[in-house]
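Asks: Structure provided below as structure tokens; questions to follow.
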Amino acid sequence: MRESPSAAELIGKIEQAFAHRKIPAEAVVMEGRLQIDSDVEDGLWFQGRDWREITKEDWEKHHWGFSYLSPAAFAYFLPSILILTLRNPQNSPDLAVDSFVWQLDSSPGVENLSPFSYRYFEFTDDEFEAMKEWLLWACENKPDVFRGNAVGGPGDGFGRAFDAIDLIHKEAVECRTRDRED
């Protein structure tokens, strides 16, 4: 069995996997939005910011915005949550981590994937692998952070999230393969 990477090694892997991401043109897709509520405002707060400068306190104040980020913004800002948690597990952006894991926590099967799953379809294989390794690390080091624990106990939500991200990864690869064949 392979040994888990250290937090420092995993930080390096996440930074390398997401290094190609640029600050997105829009943090929230505004087209067709009839109203801007406080949750959307939380998403708009991220507009033009560098993910490396986002703090735990920023995530705590604007965690609802995580659900409203455009796919490009979601991919761009996700490393912030992952790395802040790795750097200081006892003082991580728990509300943002909860949102991330909650959006992935689903029953097995493509038909049960979260409506947020589409945001991952443009992720690279390296980004998927970095997220999977982070989920394994978080399950061991932060099992109490995800408040949606199942009957089986702490870590179950992370397990389902891992299974979902693995399934989404397979679906994304399949879509890319189909696109190349067309």
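The values are calculated or read from the model by the stated rules, or taken from the named source; none is laboratory data. This structure is a prediction, so every number in the text was calculated from the model and none was measured. Cβ atoms come from the backbone with ideal geometry, glycine included; neighbour counts cover every protein chain shown.
Asks: Go through the range 61-95 and give me each residue that's over 17 Å from K142 (Cα atoms) and over 14 Å from the mean Cα position of the chain (by Cα).
Replies: Hits for the range 61-95 are K61, H62.
Asks: Hey, another quick one. Look at the range 75-99 and say how many of its residues are over 16 Å from W51 (Cβ atoms) and part of a helix (DSSP H, G or I). If you could, list the steps in order and put the result at the bottom.
Replies: Initially, the range 75-99 is screened for residues over 16 Å from W51 (Cβ atoms), giving 88-91, 94-95, 98.
With the extra rule that they be part of a helix (DSSP H, G or I), the set shrinks to 89-91, 94-95, 98.
So the answer is 6.
Asks: Right, another one. Does any residue of the range 50-67 turn out to be in contact with a strand residue (DSSP E or B) (Cβ under 7 Å, 6 or more places away or on another chain) and not in a helix (DSSP H, G or I)? Reasoning before the result, please.
Replies: As a first pass, look at the range 50-67 and keep what is in contact with a strand residue (DSSP E or B) (Cβ under 7 Å, 6 or more places away or on another chain): none.
No.
Asks: Here are some conditions: (1) modelled with pLDDT under 95; (2) within 21 Å of N141 (Cα to Cα); (3) surrounded by 21 or more Cβ atoms within 10 Å (Cβ to Cβ). P5 meets all but one. Which one does it not meet?
Replies: (3)
Asks: Which of the residues that make up the range 8-35 are surrounded by fewer than 15 Cβ atoms within 10 Å (Cβ to Cβ) and part of a helix (DSSP H, G or I)?
Replies: Once the filter is applied, which keeps residues that are surrounded by fewer than 15 Cβ atoms within 10 Å (Cβ to Cβ) and part of a helix (DSSP H, G or I), the range 8-35 yields A8, E9, G12, E15, Q16.
Asks: If you check S38, S67, which single one turns out to be of a type outside the set (V, I, T), at pLDDT below 95, farther than 15 Å from I83 by Cβ and surrounded by 11 or more Cβ atoms within 10 Å (Cβ to Cβ)?
Replies: Checking each option against the conditions leaves just S67.
Asks: Determine the pairs where a residue that is charged (D, E, K, R), located within the range 16-29, has a partner that is crowded, with 19+ Cβ neighbours inside 10 Å with Cβ atoms under 6 Å apart, the partner being 6 or more residues away or on another chain.
Replies: Partner pairs satisfying both residue conditions: R21/A75; R21/Y76.
Asks: Report, by residue number, each residue of the range 140-163 that is at pLDDT 80 or above and either part of a loop (DSSP other than H, G, I, E, B) or in contact with an Asp or Glu (Cβ under 7 Å, 6 or more places away or on another chain) (or both).
Replies: R160, A161 - these are the residues of the range 140-163 that are at pLDDT 80 or above and either part of a loop (DSSP other than H, G, I, E, B) or in contact with an Asp or Glu (Cβ under 7 Å, 6 or more places away or on another chain) (or both).
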